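See structure below.
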Amino acid sequence: MNLSAQTEMERIKALADYNLSYDELKSQFNDLTLLASQIAATPISLVNLIDAYNLWTIGAQGIDLSITDREETVCQYTIQEPESLEVENLADDPRFSQRGYVTNGGLRYYFGVPLITPEGHAIGSLCIFDSQMRHLSVDQKSMLKTLGETIVYRLESIKQIELLKTKNRKLENEKRMVAHDIRGPVSGIIGLAKVVTEQGEDNDMEEVLEFMKLIEQSGNSVLELASDILNSDSQATPANVAPEHLTNLIGLKDKVAHLFTPRVKDKGIDFQINLSPDTNLVPFAKGKLQQIIGNLVSNAIKFTPVGGRVTLNMDYKYAEPHPLLELSVIDTGVGMSAEKVNEILNGGLQSTTGTSGEIGYGLGLGLVKQLVAEYGGHFALTSLQGSGSAFKVTLPMPVN
């Protein structure tokens, strides 16, 4: 059973919508992997999320994993199953018999259940491994499936809590702005009314009429402000984003280096990250930058041969009406024909094999384009067959 291109695109978009920072989630799921190992009586259990290129382990028992090439995994097949995938002997299955975790790691048994969102998208897996061939009872399998549903429920809870926190911060920020903006017109109305009251019978009618006009103007200002507030569509800014959801170029560099250094070392690729020095400490909202940068870098690594180079440039620029975050990923890989470039820019989806035989899912760049469009940003691509590719993303970063 293979996922169609449209279904796969919807699946990885559903994962991106959770807007998760994968390396910060392990403390929230290790308890469930411990429970999975106890249910199955196996030494290894994992909670994984799977995007277009990578498998991200967000909970682990018995092994320390973070990021794995999707095509190396058993779980890539689990998300294609409606309920579960069981492999009684990995060494006898041609899909896995030559994988390192079988030939060197000695793993034999696998059982996994897909993590299916309420909308029906399989975004990852809960799985267990054992070096011994074994048999799980019906009850054990049922409990693992229930545990998988619990994992999705926890992910949904994290998503909803963050949405509520964001809404609350926006409301608090808007409340402060409303109080500030209304104080001026209302104070003017009170002052004019006080003058008229204190003068009493000594008021000159023309002067009173002039005061009334000023009061009317101030009142209209308050009404216009109220209308603007009701019709506004607030965007996330450093003022209404919690500190833990802010980053800067240095923080972003550290996170990307942590995630991808093992991968590029394994493939023998020189990976460089360059920052704009003058603005590398300016805070901005993380948003879905991990999904955008992760897919661009993964794509570049995939199509760059051993000994090649991948460069990530990140530049925060002050501009009107918003500052801009400029990202570019440049590789010395196989490059693309003009026809292929046009296909990607026009939304075409096509699977291609990487320089070391990596399976292409043809959807990572499509997701990047979609996320950039949601930002109101710009996506550009230049490439030459045999001479590498350059991807450039420009994102507006709203501030107060």
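The table below lists the values:
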{"read-out": "Region 342-381, subset at pLDDT below 85 and outside any loop (DSSP other than H, G, I, E, B), residue nearest to N54 (Cα to Cα)", "value": "G364"}
{"read-out": "Filter pass, A91 being modelled with pLDDT of 95 or more, more than 29 Å from E24 (Cβ to Cβ) and not basic (K, R)", "value": "yes"}
{"read-out": "Residue identified as within 26 Å of W56 (Cβ to Cβ) and at pLDDT below 65 among A257, A236", "value": "A236"}
{"read-out": "All positions within region 321-338 that are in a strand (DSSP E or B) and either farther than 13 Å from G377 by Cβ or of a type in the set (S, T, N, Q) (or both)", "value": "S328, V329, I330, D331"}
{"read-out": "Which numbered condition V310 misses (of (1) in contact with a helix residue (DSSP H, G or I) (Cβ under 6 Å, 6 or more places away or on another chain); (2) under 21 Å from Y22 (Cα atoms))", "value": "(2)"}
{"read-out": "Unmet criterion (only one of (1) modelled with pLDDT of 85 or more; (2) loosely packed, with under 14 Cβ neighbours inside 10 Å; (3) closer than 20 Å to G377 by Cβ) for F284", "value": "(2)"}
{"read-out": "Residue match in region 42-63 (condition: in contact with a Pro (Cβ under 8 Å, 6 or more places away or on another chain), modelled with pLDDT under 95 and surrounded by fewer than 19 Cβ atoms within 10 Å (Cβ to Cβ))", "value": "yes"}
{"read-out": "Flag for Y109 being closer than 25 Å to N30 by Cβ and within 30 Å of the chain's Cα centre (by Cα)", "value": "no"}
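The values are calculated or read from the model by the stated rules, or taken from the named source; none is laboratory data. All of these numbers come straight from a predicted model, not from anything done at the bench. Heads up, the Cβs are rebuilt from the backbone with ideal geometry, glycines too, and the neighbour counts pull from every protein chain shown.
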